[in-house]
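The values are calculated or read from the model by the stated rules, or taken from the named source; none is laboratory data. These numbers were taken from a predicted model, which means no experiment stands behind them. Here the Cβ is made from the backbone with ideal geometry for all residues, glycine too, and neighbour counts use every protein chain on show.
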Amino acid sequence: MAELSTSNVGRPQSSVGKEEMSPTGPKPLIVTENMTCGYELERERKLLTALVDISLTVHEGEFMVLVGPSGCGKTTFINVIAGLIKPWKGTASFNGKPIVGTGPDRAMVFQDYAIMPWRTVLQNVLLPFELRDHGISKKDADERARATISDVGLGGFEGSFPHELSGGMRQRVGIARGMVTQPKVLLADEPFGAVDAMTREVLQGQLEMLVMNAGQTVVFITHSIDEAIALGDRVAVISHRPGTIREIVDIDMPRPRLAEGEITGDPRYGELREHLWSLVKDEAFGAKDLPFHEDPEA
Amino acid sequence: MTQAPIKNTDGTSIESQPRLREAKWTWGRIWTRYRYGIITVINLSVFFAIWQWFASSGRVNPLIFPEFTDVLRTLKIGWFGGGNLEGFNNRMLADFVIVKNFWETLKIYSLAMVIAIGCGIPIGLAMGGSKWLDAILSPYVWTLSSLPRIAIYPILLLFLGIGPQIKYAIILSTAIFPVIINTWAGVKTTDQSLINAAKVFGANKSQVYRKVVLPYTLPFVVSGVQLSLSRGLIGVVLAEFLSGATTLGGIGWLVFRSAAAFNSPLTYAALMSLAVFALILVQGTRSMEAKIAPWRQATTT
Ligand SMILES: Nc1ncnc2c1ncn2[C@@H]1O[C@H](COP(=O)(O)OP(=O)(O)O)[C@@H](O)[C@H]1O
Ligand SMILES: [Mg+2]
């Protein structure tokens, strides 16, 4: 399992896109400007601000990692980009257009897997093709779904139901479903959180290959600083709720970082790790409690 | 993926060798295999033997507590006919009296249940799916479902008079609410992250409903139906108790009237028939949920 079979099949190669050639550098794909958003708590009749003033740009082919204490709004951010929730203030746009809903070019891997318990592994992975026309035949979709399932290490489990699988295996079903359509952007919410350490390394390696070979754009949430450094081009550290961007750290280390084995020996790795850790630690333990905002404008 | 047949180390198929040697039948083996059946048979035999001994000991009035053998005889006559009724407490007892009343009950019960389930599911779905309908209907649904149903009998009687309509009305009023409420609860509690996943991958409103909400709700509907089947059974017996029928009032009517006529063997025989029917019904629907929604079973354990 060296490389995802989905990696170079009919995928637009971002590196040859004409925007890339322009003097302004890589094309911005996801742009949020002063975005503030949150939730309406119906029972408490209150508005909860989850994210404040987020201005972040993710370029085409970029691997953006978000880290931050739990509850800081990482999932909320990814939900806005997916088109599931709308910002209260500010803008969020994708490919130059404001995000008004979900789209075939943005797929998501969910933190809590969100796979249908009444569908087999294969049926779950085929769901995106059932719901949208991705321009491939039924037979091709089936083939691709099977290939993706075997890429995530679930070959032989196509006919199993989620309740027959372990937590890590269920998460891999969610990963396969997110990748099967070869979306322009993969939004991954702690995708390897429940996966065992060995499978995680394999999947991280595959994801890195996908990024290197196909220029996959990824927005990736993780709790692990090591994972952030191993995978990210940039790491955005989000403060505790209401989340703001504390700092964006460039991971200026050459790829492949995982296929070559150890990057942990590199002195730069140690520096980055220390720096990120100090930022995250501040946020995790320095959390002041500002739970509710009566008025989002306030 | 097809799996290669398992081979022995020497390459021969495992199938070609005798599998497990046929075990010898010993008492121990028979016991481990059939113990629950054996225990049940012994249990019931002891129960009926004590019944028989107690009833024939002269300690209780046979008008209240009949001998078990009399009940058996009554069951035979009531179900299969051919009774020699002479010298037997034969008030109300006639050939086939139980089976005829049983069919009467079954007829009304099954039609009423079809109506209850057929209306309850769409009402529950609609209430779960629309905030407006929910707001409009829920006060009535919750009030009626909490009210002891027998309390509305006098009103129903005024409206419908004595007759089959009132039976249907009572059964419906007892059986429809579990279906409505469970279906509603299924729709309401549908996992938001499953809905989000469907949306991300392109589901429109109707697809979210068909591909997430309905499958998620199905096991709730099944338990609602289960509950409603047993509630409906209470309803039908209650309705028959209260109905003014003079003949062929159903199995509940038979229990009620035979007791009033001090024909205790018939009362017990009718009751036992009802018990067996209820048992079959409940046991039959118990395995339904496991078959329809195996994932729910697995997540609750
Ligand atoms: N659907 C929701 N309704 C109300 N509050 C929510 C909802 N989802 C998340 N929140 C709240 O918003 C904040 C940010 O949540 P989330 O984005 O899930 O954080 P993270 O993914 O960083 O752990 C949390 O305080 C959480 O309680
Ligand atoms: Mg989260």
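Within the range A:249-256, is there a residue that is modelled with pLDDT of 85 or more, within 16 Å of ligand 1 (Cβ to nearest atom) and either surrounded by fewer than 17 Cβ atoms within 10 Å (Cβ to Cβ) or within 14 Å of chain B (Cβ to nearest Cβ) (or both)?
No, the conditions are met nowhere in the range A:249-256.
Residue check: is B:Ala293 touching a residue at least 12 places away in the same chain (Cβ under 8 Å) and closer than 30 Å to B:Thr190 by Cα?
Numbers: touching a residue at least 12 places away in the same chain (Cβ under 8 Å): yes; closer than 30 Å to B:Thr190 by Cα: yes.
Judged against the criteria, B:Ala293 is a match.
Filter the range A:25-48 down to the residues that are away from chain B (no Cβ under 14 Å), within 16 Å of ligand 2 (Cβ to nearest atom) and within 17 Å of A:Ile81 (Cα to Cα) and list them by number.
A:Cys37, A:Gly38
Could you please find all residues in the range A:105-114 being assigned to a strand (DSSP E or B) and either more than 8 Å from chain B (Cβ to nearest Cβ) or free of Cβ contacts under 8 Å to residues at least 60 places away in the same chain (or both)?
Step one: filter the range A:105-114 for residues assigned to a strand (DSSP E or B), giving A:106-109.
Within the range A:105-114, A:Val109 is the sole residue that qualifies.
Which ranges mark the helices (runs of 4 or more DSSP H) fully within the range B:191-249 that have 2 or more residues being in contact (Cβ under 8 Å) with a residue 60 or more places away in the chain and either in contact with a helix residue (DSSP H, G or I) (Cβ under 8 Å, 6 or more places away or on another chain) or more than 8 Å from every other protein chain (Cβ to nearest Cβ) (or both)?
Numbers: elements: B:192-200, B:205-208, B:214-242.
The helices (runs of 4 or more DSSP H) meeting that bar are B:214-242.
Which one of these is at pLDDT below 90 and closer than 21 Å to A:Glu62 by Cβ: A:Ala298, A:Ala214, A:Ala236, A:Ala230?
On the way: A:Ala298 fails: closer than 21 Å to A:Glu62 by Cβ; A:Ala236 fails: at pLDDT below 90; A:Ala230 fails: at pLDDT below 90.
So the residue among A:Ala298, A:Ala214, A:Ala236, A:Ala230 that is at pLDDT below 90 and closer than 21 Å to A:Glu62 by Cβ is A:Ala214.
Considering only residues of the range A:115-125 that are in a loop (DSSP other than H, G, I, E, B) and of a type in the set (A, V, I, L, M), which is nearest to ligand 2 (Cβ to nearest atom)? Lay out the reasoning, then the answer.
Within the range A:115-125, the first condition is being in a loop (DSSP other than H, G, I, E, B), and the residues that meet it are A:115-120.
If we keep only those that are of a type in the set (A, V, I, L, M) too, we end up with A:115-116.
Numbers: A:Ile115: 17, A:Met116: 20 Å.
My answer is A:Ile115.
For residues that are outside any loop (DSSP other than H, G, I, E, B) and closer than 27 Å to A:Thr49 by Cα, tally how many sit in the range A:225-283.
Our first condition is that a residue be outside any loop (DSSP other than H, G, I, E, B); within the range A:225-283, this holds for A:225-231, A:234-238, A:243, A:245-250, A:267-283.
Filter again for closer than 27 Å to A:Thr49 by Cα, leaving A:225, A:228, A:234-238, A:243, A:245-249, A:276-283.
Counting residues in the range A:225-283 that are outside any loop (DSSP other than H, G, I, E, B) and closer than 27 Å to A:Thr49 by Cα gives 21.
Report yes if B:Arg35 is modelled with pLDDT of 85 or more, out of contact with any Lys or Arg (no Cβ under 7 Å at 6 or more places or on another chain), surrounded by 10 or more Cβ atoms within 10 Å (Cβ to Cβ) and among the charged types (D, E, K, R), otherwise no. Step through it out loud before you land on a result.
Working: modelled with pLDDT of 85 or more: yes; out of contact with any Lys or Arg (no Cβ under 7 Å at 6 or more places or on another chain): yes; surrounded by 10 or more Cβ atoms within 10 Å (Cβ to Cβ): yes; among the charged types (D, E, K, R): yes.
Against the criterion (modelled with pLDDT of 85 or more, out of contact with any Lys or Arg (no Cβ under 7 Å at 6 or more places or on another chain), surrounded by 10 or more Cβ atoms within 10 Å (Cβ to Cβ) and among the charged types (D, E, K, R)), B:Arg35 qualifies.
It is to be established whether one or more residues within the range A:83-94 are within 16 Å of ligand 2 (Cβ to nearest atom) and either touching a Lys or Arg at 6+ places or on another chain (Cβ under 8 Å) or away from chain B (no Cβ under 13 Å) (or both).
Let us first name the residues in the range A:83-94 that are within 16 Å of ligand 2 (Cβ to nearest atom), namely A:84-85.
Now restrict to residues that are either touching a Lys or Arg at 6+ places or on another chain (Cβ under 8 Å) or away from chain B (no Cβ under 13 Å) (or both): A:84.
Yes: the range A:83-94 contains one or more residues that are within 16 Å of ligand 2 (Cβ to nearest atom) and either touching a Lys or Arg at 6+ places or on another chain (Cβ under 8 Å) or away from chain B (no Cβ under 13 Å) (or both).
Any idea which of (1) assigned to a loop (DSSP other than H, G, I, E, B); (2) touching a Phe, Trp or Tyr at 6+ places or on another chain (Cβ under 9 Å); (3) within 16 Å of ligand 2 (Cβ to nearest atom) is the one A:Thr102 doesn't satisfy?
Status for A:Thr102: all satisfied but (3).
A:Glu40 fails exactly one of the following numbered conditions: (1) under 12 Å from A:Arg241 (Cα atoms); (2) near ligand 1 (Cβ under 10 Å from one of its atoms); (3) surrounded by fewer than 24 Cβ atoms within 10 Å (Cβ to Cβ). What is the number of that condition?
Every condition holds for A:Glu40 apart from (1).
Does A:Ala50 fit the bill of being near ligand 1 (Cβ under 10 Å from one of its atoms) and either free of Cβ contacts under 8 Å to residues at least 12 places away in the same chain or part of a strand (DSSP E or B) (or both)? Working first, answer last.
Numbers: near ligand 1 (Cβ under 10 Å from one of its atoms): yes; either free of Cβ contacts under 8 Å to residues at least 12 places away in the same chain or part of a strand (DSSP E or B) (or both): yes.
Here the answer is yes, as A:Ala50 does meet what is asked.
Looking at (1) of a type outside the set (A, V, I, L, M); (2) within 14 Å of chain B (Cβ to nearest Cβ); (3) in contact with a Pro (Cβ under 8 Å, 6 or more places away or on another chain); (4) more than 25 Å from A:Trp118 (Cβ to Cβ), find the lone condition where A:Gln182 falls short.
Here A:Gln182 meets the rest and fails (3).
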